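The values are calculated or read from the model by the stated rules, or taken from the named source; none is laboratory data. Bear in mind that the values here come from a model prediction, so they are computed numbers and not experimental data. For neighbour counting, all protein chains shown are included, and Cβ atoms are generated from backbone atoms with ideal geometry for every residue, glycine included.
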Number of protein chains: 2
Amino acid sequence: MPVSKGSTIDPERTRATILHAATQMLYECGLDGIGVAGLCTRLGISKETLYRHFGTKDGLVQAMLEARSDRVIRWLTDAVTAAGDDPADQLTGVFDALQGWYDEPAFRGCGLLNAATQHHTGAVRAITARHLDRYLELLTKIADRAGATDPRVLGQQLLILVEGATIVADHHDRAHAGEHARQAALTLLAATQRR
Amino acid sequence: MPVSKGSTIDPERTRATILHAATQMLYECGLDGIGVAGLCTRLGISKETLYRHFGTKDGLVQAMLEARSDRVIRWLTDAVTAAGDDPADQLTGVFDALQGWYDEPAFRGCGLLNAATQHHTGAVRAITARHLDRYLELLTKIADRAGATDPRVLGQQLLILVEGATIVADHHDRAHAGEHARQAALTLLAATQRR
DNA sequence: CAGTGATCGAACCGATCGGTACTATCGGGC
DNA sequence: GCCCGATAGTACCGATCGGTTCGATCACTG
C-alpha cells in the first residue's frame, strides 16, 4: 500500500519523522547494528523514501548526528541557564543533567562519540569534533564567568570530566559517574578561584 | 605454498604471532573495518589457520582484547612503579605515559572501549568492564597511599579523568589532553589530602 | 476530475561478509 | 625415513549488505 491510509504527504514532515525515529534506532543498535532494510521496516517506510530524502545511509547518519549534536547542546545550555548565575550551580546543573541521562535505561553512551568510533570517516569525525568544540565553548564560558585563572584550561578539564563521566557511566558504573564528576568539577573550580 | 619456507611449526608461537599482528590491524581498522579474508592476507596466514586457533572472528577479538587489557594494565603499573613512592609523582607518571601514547601517530583511542562500542555483545563489554575495574584498582591504590579522605571516590574521579583524557585526545585535542588531565588529577589529590 | 508526485512493497543487483572444504605441501617427532 | 599434523592457497557457501528500479496506489493541486 503506497502512501498508506491517512498519511499526509508532506516531505519535510516525513523527513523529520524519519530522522527522529532513525536516530533512536541507530543509537540503540549502533550504526552498523542494523541495515537499511531493517531500519525501513521498523520505521514503517520504504527504502525508496529513505534514499530520496537522504541519498545514502551515510547521508542519513550525518543528518542525524548534526541534529543530535544541536539537540544535546541545546539541552545542556538550557540546564546551565536554568541553574542561575552561580558558576558552581551551573556546573552542578550540567552534571546532574548528565546523571539523569545516564539513569535512563536506553543510555548507551554519547551517540556522536559512538558513531565516530564506528565509522571513522572524515565526515563523521568532523561532526563529532565540532560537537566537542561546542561542549568546550559552553564549559569554558562557565569557567570564564567563575573568574578562573585560565578559563581555557579549566574548560578543557571540565570537558575531560564530562566525556570521562559518560564513558565510565556507559562501561563501568552508571549510577555514580555523574556525581563523582560533579564533585571533581566543583573541586577544580574552587581551586582555580582560590589562586 | 603450505607451511611456507623456513616457518617453524609451533602452534603456540603461531597463535601468539597472529594475536599480536591482528591486534594492531583490528585496532587500526576497527573491528568491522577489515574482514577475515583481508586480515589473513595482511597477516600472511590462511583462513584455516586463523579458524583453527580462534574458532571464530569473535574468538579472535576476545583473545586479543584480553591480551591487550593485560598489556595496558602492565604498562601503566610499570609507569607507576617507575615513578617512585610519592602518589603525586605516580599520577604524573600515569598521565605522562598516557600523553606519550596520545602522541603516537597510530593512536586511535582505547582499543577496548572502541571494541565495546563497535560490538556491544556481552562478552566484549564484559572484558572492557573488567579492564576498567583493573584501571580503577590501580588508581584507587594511589589514592589510598596518598591518604585521601575517600580513596574510592578519588579513584573513580581519576578513572573519569583517564578515560576522559583518552576520549578528548582521540576526538578533539590530542596534544594537551594528558597534561590537562594530569593537572586536574593533582588538584583533586591535593584537595582531598587537605581536608 | 485530471494530473502530479510522494510513497509503499517487492524484486533485484553486485559486493562482501563469516565460515567451510579440500588439496597440496612442508616441518618435526618417532 | 616415514608419517602426522600444521599450514597455504583456493574455491565455495549462504546470508546480508547498501543501493536501484518499477509498478501500484494514494494525497494533494489546479
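Numbers at a glance
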item	result
B:Gly30 vs. criteria within 30 Å of B:Glu163 (Cα to Cα) and either within 12 Å of DNA strand C (Cβ to nearest atom) or more than 19 Å from the chain's Cα centre (by Cα) (or both)	yes
Filter result for B:Glu137 (within 11 Å of chain A (Cβ to nearest Cβ) and either crowded, with 24+ Cβ neighbours inside 10 Å or in a helix (DSSP H, G or I) (or both))	no
Scan of segment A:42-56 for residues that are of a type in the set (Lys, Arg) and closer than 11 Å to A:Ala22 by Cα, ordered by number	A:Arg42
Condition met for A:Leu76 (more than 16 Å from DNA strand C (Cβ to nearest atom) and within 14 Å of another protein chain (Cβ to nearest Cβ))	no
Looking only at segment A:148-161, and only at residues there that are more than 7 Å from chain B (Cβ to nearest Cβ) and among the hydrophobic types (A, V, I, L, M, F, W, C), the one that is surrounded by the fewest Cβ atoms within 10 Å (Cβ to Cβ)	A:Ala148
Segment B:139-193, subset touching a residue at least 24 places away in the same chain (Cβ under 8 Å) and among the basic types (Lys, Arg), residue farthest from A:Leu154 (Cα to Cα)	B:Arg145
B:His20 being under 27 Å from B:Phe107 (Cβ atoms) and either more than 7 Å from DNA strand C (Cβ to nearest atom) or at pLDDT 90 or above (or both)	yes
Hits in segment A:85-129 - residues which are more than 14 Å from chain B (Cβ to nearest Cβ) and either under 11 Å from the mean Cα position of the chain (by Cα) or at positive phi (or both)	A:Trp101
Meets criteria (assigned to a helix (DSSP H, G or I), away from chain A (no Cβ under 11 Å), buried (at least 21 other Cβ atoms within 10 Å of the Cβ) and under 19 Å from the mean Cα position of the chain (by Cα)) for B:Leu132	no
